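Encoded as structure tokens, the structure appears first; notes follow it.
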Amino acid sequence: MTRFARISKMNEGSAVVNVKNEVCMGCFMNIPPQLYIEVQRGDSLISCPQCSRILYYVNS
Ligand SMILES: [Zn+2]
């Protein structure tokens, strides 16, 4: 939750969506596996190629 709060604050006004099993939960489109890996890594902010929302990964 801490990370999400931080990202939300950094991107005020921008939508932030969860990504699960290489699927964006904002538009339900598959994202490239390499992109998914980068989201999981959490090094940088990754935008969905389809809907441009900021993607974040939650380990659940
Ligand atoms: Zn999307």
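Per-structure values
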{"item": "Arg3, sole failed condition from (1) under 12 Å from the mean Cα position of the chain (by Cα); (2) modelled with pLDDT of 95 or more", "result": "(2)"}
{"item": "Options Gln40, Gln50: the member that is free of Cβ contacts under 8 Å to residues at least 40 places away in the same chain and away from the ligand (no atom under 11 Å from the Cβ)", "result": "Gln40"}
{"item": "Region 21-35, residues that are part of a helix (DSSP H, G or I) and under 12 Å from the mean Cα position of the chain (by Cα)", "result": "Leu35"}
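The values are calculated or read from the model by the stated rules, or taken from the named source; none is laboratory data. Bear in mind the structure is a predicted one, so any value in this text is a computation, not a measurement. Positions of Cβ are backbone-derived with ideal geometry, glycine not excepted, and every protein chain shown enters the neighbour counts.
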